[in-house]
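The values are calculated or read from the model by the stated rules, or taken from the named source; none is laboratory data. Keep in mind that what you see is a predicted model, and the values were worked out from it rather than measured. A quick note on method: Cβ atoms are made from the backbone with ideal geometry, for glycine too, and the neighbour counts reach across all protein chains shown. Side chains included, ligands, DNA and RNA excluded: accessible areas come from the protein's heavy atoms. Shrake-Rupley method; radii C 1.70, N 1.55, O 1.52, S 1.80 Å.
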Amino acid sequence: MFTATEVEQLGSRGFFTKPAFLGPSLALQVRAEAQRVPMKRAGIRRGHELDDAVRTDEIAWLTAGEATGALAEAVAHFAALMQPLNEAAWLGLRSFDLQLSHYGPGAHYARHRDAFPGQDNRRVTAIVYLNEGWGPQHGGQLRLHVAPPIDLEPTLDRLVIFRSELVEHEVLESKADRWALTAWFSAR
Ligand code: OGA
Ligand code: MN
C-alpha cells in the first residue's frame, strides 16, 4: 500500500502525498454525491462558533455505516488505510471520523493543527481531493508548515496523509469550488 519512502516521510517530515487514491472515476462520483449532501458552515473550538477570520468552509460529518454508493466505497478505501498505517508507523489507530468539506470562492482555513497532544486522540489526517482540472490559478492550496513549507494543489484524487498533532497547515484562499473528503484516524 505504501512505499518505504512514503513511510519514511511520515516519520521524518510528518506527511506524504500520493497523486491517486480512489481512482479518478470514483473520485468524480464521490464529488457528485458530495454536492447533494447538506452542508453547514464549519465552527471553531468547542462551542463551534463561526469565525470568518479562521475558517469559512462548510462541512458535513459522514457516518460510515450510513454512507451509500460512491461515498460508501470511499469510506472503505479510507478504512483500508488503517492497517498499513499501523504496520508502517506503529500508530495504534483504531477508528476514524469522516468529513466532507466544501470551500466556495473566497473561502479559506487559517493555520492550525488538527490535534493537540493530550487533548484529542486524532493521530493521522488523510485527505482526498475531488477537484477535476484544478490548477494554481484556482488557489486553495493546502500549505503544510513543514521545513521548508510546501503548497499542495487539491487535484482530483490526490491523497495527503499527515500526523495530526505535528503538522501545522492551512488552506489558502480558494478561487473556485473546492471539495475534499477527510478522515481523522484515532487510537480510541
Ligand atoms: C481541515 C483541513 C485541509 C484541506 O479540515 O482541518 O485542514 O486541504 N483541511 O482541506
Ligand atoms: Mn486541518
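Of everything in segment 117-148, what is more than 16 Å from ligand 2 (Cβ to nearest atom) and within 17 Å of Arg55 (Cβ to Cβ)? Give them in sequence order. Residue satisfying the conditions is Gly139 alone. Filtering Asp151, Asp114, Asp97 for residues that are in contact with a strand residue (DSSP E or B) (Cβ under 9 Å, 6 or more places away or on another chain) and more than 13 Å from ligand 2 (Cβ to nearest atom) leaves a single hit, Asp151.
Criterion first (more than 12 Å from ligand 1 (Cβ to nearest atom) and either at pLDDT 95 or above or open to solvent by less than 40 Å² (accessible area, probe 1.4 Å) (or both)) does Val128 satisfy it? When the stated conditions are applied, Val128 does not pass them. Here Ala72 passes the criteria (1) open to solvent by less than 40 Å² (accessible area, probe 1.4 Å); (2) of a type in the set (Gly, Ala, Ser); (3) not in a helix (DSSP H, G or I) except the one numbered (3). Going residue by residue through segment 139-154, is there one that turns out to be in contact with an Asp or Glu (Cβ under 8 Å, 6 or more places away or on another chain) and either away from ligand 1 (no atom under 13 Å from the Cβ) or modelled with pLDDT under 95 (or both)? Checked segment 139-154: no residue is in contact with an Asp or Glu (Cβ under 8 Å, 6 or more places away or on another chain) and either away from ligand 1 (no atom under 13 Å from the Cβ) or modelled with pLDDT under 95 (or both). Within segment 37-59, the set of residues being of a type in the set (A, V, I, L, M, F, W, C), assigned to a strand (DSSP E or B) and buried (at least 16 other Cβ atoms within 10 Å of the Cβ) comprises Ile59 only. Do you know which residues across segment 102-117 are within 15 Å of the chain's Cα centre (by Cα), more than 19 Å from Arg163 (Cα to Cα) and crowded, with 20+ Cβ neighbours inside 10 Å? Hits for segment 102-117 are His102, Tyr103. Taken over segment 98-119, the criterion of being assigned to a loop (DSSP other than H, G, I, E, B), among the hydrophobic types (A, V, I, L, M, F, W, C) and within 20 Å of Glu173 (Cβ to Cβ) is satisfied by Ala107 alone.
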